[in-house]
Every structure is written in C-alpha cells, then in structure tokens.
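Here the structure comes first, spelled out in structure tokens, and everything after it is commentary.
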Amino acid sequence: MSEFLQQLINGLSLGAIYALIALGYTMVYGVLRFINFAHSDVFMVGAFIGYYVGRALPLGTVWGGLVSMAAAMAGCAVLGIVIERLVYRPLRGGPTLNVLITAIGMSLFLEYSGQLVFGATPRAFPQIFPSKVMEFHGLIISMNQVIVIVVASVLLLGLEFTVFRTKIGTAMRAVALNPGAAQLVGINIDVVISFTFGLGSALAGAGGVLYALNYPSIDPLMGVVPGLKAFVAAVLGGVGNIPGAALGAMILGMVETFVDGSRWSTYKDAIAFTILIGILLFRPAGLLGRMTSEKV
Amino acid sequence: MLEISDLFVSYGAITALGGISLKVPKGSIVTLIGGNGAGKTTTLRTVSGLLRPKSGKVTFMGEDITRLPAHAVVARGLGHVPEGRMIFSNLTVDENLAMGAYLKTSKAAVAASRDYVFGIFPRLKERLHQTAGTLSGGEQQMLAISRALMGEPRFIMLDEPSLGIAPRLISTIFERIIEINRDRGIAILLVEQNAHLALEVSNYAYVLETGHITMQGPSESLMNDPQLKAAYLGG
C-alpha cells in the first residue's frame, strides 16, 4: 500500500511537469493549428535560466528558488513571443507544412545554439529550494516533489482561471474557434497569439526548472525526451483541448512511473506508448478531443 | 456613412469584384442583392478588413479604412454579422455577448447594450448560460446580431440573415433589423439572396452580378422593375 502511494506521488509530480509542457503545445495548436516543435527547447532554456539565476542567489532558500523560477518563466515568455514574432508570424497564412518544418528548424537552432552558449557537457543543477526529505508511515517525500506538485498545481489553476475567467482568455478561445469572427468583434489576433505563446512558454520555463530539480543534470538536448512525451500527452488528451492536455500528462506520468517501479521497468517507454496507441485507436481525437472536419 | 469606390478584389487569378461603387447614407438601410457567387460576401469581407482589395477605396465616416486590419475597422464603429453567423459555438451565449463588447471599457455601457439586446431578443436572456452551439439556427442569428450590437456600432453589415432559418423566425429577425435601424439610427447594409424580402425592408438597392453592379435604385422602384422581377423575384 505504501509503495502504491509512493508511486502515486512520484507519478503525480512527473505528470505535473509533463502537463506544464503539454499545455504550451496544446494552446498554440488551439489558436494556430500547428505543433510548435521548438517548445521543448524553450523548456530547456527555462532550466538554464533557472541554473544561472539560481546560482547567483543564495541556494536552498524558498525565495531564491521562487525568484529563479519567476526569472525562468519571464525569460521563456519573452523567448516564446520573440520566436513567434520573428519566425512564425511571417509565415502565417501560408501552408501549415511550411510552418511545421520551420518549427523543427527553430528547435534545432535552439538546441545547437544552446550547445554553443552553454556547452554540450551536462551540468549539475543547483539545489535552489531547501532540500529536505520527509517520511511518514514509510512514505518518503522529498521537498522537491512537494515543490513540483504545489507549484504545478498553482500554475495550472492560474491557467484555468486565465483561460476560462478572464477577457483575454475568452478571446483566446474565441480565436481558437473562429479567427475571422474573432477579428470581427475587434479582437487583435496578433496580440492574442503573442499572449498565447508567452503564456505557454512561461509554463514550459517553470516546467524546465521543476524538471531540473528532480533530475538535476541539465544539457542543451534535455528538452527532447520530455518534450516528446508532453507532445504525446497533449495528443492523448485531445490536442487543442486544455483540460485534455493536463489529463493526458497525468496519465502518461502515472503509467510511466508505475511501470518504472515494476519488474518491466526496462520497457517503461514501450509500455507507456503502447497504452497510448491503444487509447488513440479507440479515441482517435484524444480523450477529451472532439472529431472535427477541417474547415476549408 | 460608408462609401465604396471602384473596388477590385481577386482570389488569385479569379476576379471576384470588378470595380464596384456604392454608398450607404447615414441612417438608411441599403441592400445588395444578387445570386450565388456574385461577390456579395466578398464585398462585406473587404469592407471589414478581412480581405485586401487589389485597388479601390473604402471610406467610413470620412476616413479611408481600405488598408486597416479588421479589428481596427470594428473599433471605428462598424459591425459585421458574417455569413453563416459564425458565433463562437463552444462559448456560452453570455461569453459571446462579452466578446461582442471586447473593445468596450465602460461597464455601464456594456450593461446598457446587454439590456438593449435582451429587449429585442428576449430569448437570448433565457439561454444566457447555454453553449451557443446548442441554439437553433434562428437563435444563433439573433446572437450574431446581438454580438455585433454589443460593440455599439454606428453601421452594421448583415450577410444573409435569412439563410438556414425557420421561415417563421425570418420575419421576426427582419422586424428587429428595422427596429435597430429606426430606434438606434444604425445604418445597415443588408446582403440577401431573398430579393423580395430585402427590397421590402430597404430604402435603396444595388444588384450585383458576377462582380459588377448591374442595376441600382430606390427599393420601391426596383421592386416593380420588369427585368429585376424576371431575374430575382420569380416573374
């Protein structure tokens, strides 16, 4: 029983990190109908910002950790907005495939610029938050796990509020549903798209720092695997669907963790992906997605 | 109020509008009638900035708005109720109305607009928290018109408001259109396939055929025009 609870907590914290990344994929897909492959590298940049800011501040303090995380979020938000403005916006209105290929190019650009700037050698991520291991009834919970779960929950609730309760969030949903009609009520879709990129990238930045706290070795290619998994989580939940992305990420995180803790741990990715393919066979639009025909 | 002069619009090699000119005077209802593919929707989409013309000019209240993006055109007081209604189907009726008032900052003014649209379309008030996609065609049209009214426009363009709507609701909607024009002094440019209906409610009419204006005049006189009767009014 305690092992089950232990794995549940591990799965929850992994799922929460996937959710933070997956939301960026799904929100951008929602408004622009393309997969921003560079998103996983924005996540990586977030971890590096956390690394540099964290080392400049006193380690092992709550405020130092929070400031590092805020810096990573702000830096990534700016990066996401700049990428959209300079790279994707000029291609808007063109064939989706062009934007998709450009996104892959942007991803490689960030990865190799990262190797140039940060070096290819992995670095040890500093303990920016207080480290402490708590134990009750045989359950081992690290402070880092608590931080991941608390921070991710706060951010997810904040996002939920932004998207469903604020004017700009409603505008985001309106643009996702019908960009033409959105313009006709006076919504500047450029502003909404920038906002979407900023929001998604900030979450990825937070995800990068939280991931690095739990897997404290960072390098410029660190975004590839979690990015891919988060993308899969977004598809599993129904790409474009915000609660779906969070749900997909939780399922993926749980499955991975539980398999990892079993005797089939070598095959954890294979098993996780087999389950996903199985779900998609029965629900091709994802768990919460709706089948819609592409409108011409 | 609105003046279009010598507007050319093309989709690639295909010319959609071959140089049309028309005027909508202050406080009037002007209609643009014509068959499928005549260029009626193209005209409206170009005026509101969703399409870019090849040449020509659109003037709204004395200002050249030809090259303005759509959201800036709306900000100047031009409302557009698009073809097929294009309401935000996953949003509630309430949220759709809120989006209609997207550019409005005065809470009191937004509340007054809401009261006004509930006054003319009481049914929307009953459906306030329902998802807009679950409304009937006629109710969606009411919502689309109301959404445009929430922006406090001085001029509204309506694209085929009778399309896909139960016949008994068509007359209600047209009565409301006349009421909006009369009570609020909002000028209207009405695009319709149902020429009979359009001529009945309007002051002046233009007939559009394959991108050219082929006939124009006061609506009563066009109603009795033998040529128009044969082509659009079923003889």
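Here is how the numbers come out for the structure above:
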{"item": "Per-pair calculated FRET efficiency, R0 = 45 Å: B:Arg123 and B:Asn203 via Cβ, rounded to 0.05", "result": "0.95"}
{"item": "Among B:Leu78, B:Leu163, B:Ile188 - extreme Cα towards positive end, dipole of chain B, charges at beta-carbon", "result": "B:Leu78"}
{"item": "Nonlocal amide H pairs with B:Leu32, under 5 Å, H built at 1.01 Å", "result": "B:Leu190, B:Val191, B:Glu192, B:Tyr206"}
{"item": "Between the stretch A:29-77 and the stretch A:246-291, the alpha-carbon center distance in angstrom", "result": "26"}
{"item": "Under-5 Å amide H pairs with B:His212, H placed in peptide plane, nonlocal only", "result": "B:Gly18"}
{"item": "Calculated FRET efficiency for the pair A:Ile104/A:Leu59, C-beta based, R₀ 30 Å, to 0.05", "result": "0.25"}
{"item": "Beta bridges per DSSP with both ends in the stretch B:2-232, % antiparallel, nearest 5", "result": "55"}
{"item": "Simple spin-label estimate for A:Thr96 and B:Ala13 in nanometres, 7 Å along Cα-Cβ", "result": "2.8"}
{"item": "Extended-chain gain in nm, criterion 0.36 nm per residue less alpha-carbon gap, A:Ala74 and A:Ala270", "result": "67.0 nm"}
{"item": "Entries in B:Lys57/B:Lys125; B:Lys26/B:Lys107; B:Lys23/B:Lys229 that, when Cα-Cα distance is taken, lie over 32 Å", "result": "B:Lys57/B:Lys125"}
{"item": "³J(HN,Hα), Karplus 6.51/-1.76/1.60, whole Hz, each residue of the stretch A:22-36, x for Gly, Pro", "result": "4, 5, x, 4, 6, 5, 5, 4, x, 8, 10, 6, 8, 8, 7"}
{"item": "Stretch gain in nm, segment A:Val146-A:Gln6, where the contour uses 0.36 nm per residue and the Cα spacing is subtracted", "result": "49.1 nm"}
{"item": "HN-Hα J in Hz across the stretch B:34-46 - Karplus 6.51, -1.76, 1.60, θ = phi - 60°, x for Gly and Pro", "result": "x, x, 4, x, 6, x, 5, 5, 4, 4, 5, 5, 6"}
{"item": "Calculated FRET efficiency for the pair B:Arg76/B:Ser171, C-beta based, R₀ 41 Å, to 0.05", "result": "0.80"}
{"item": "Simple spin-label estimate for A:Tyr215 and A:Phe164 in nanometres, 7 Å along Cα-Cβ", "result": "3.0"}
{"item": "Charge dipole (debye, nearest 20) of the stretch B:2-232; +1 at Cβ of Lys and Arg, -1 at Cβ of Asp and Glu", "result": "480"}
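The numbers here are math on the coordinates, done by the rules we state, and not lab data. Keep in mind that what you see is a predicted model, and the values were worked out from it rather than measured. Here the Cβ is made from the backbone with ideal geometry for all residues, glycine too, and neighbour counts use every protein chain on show.
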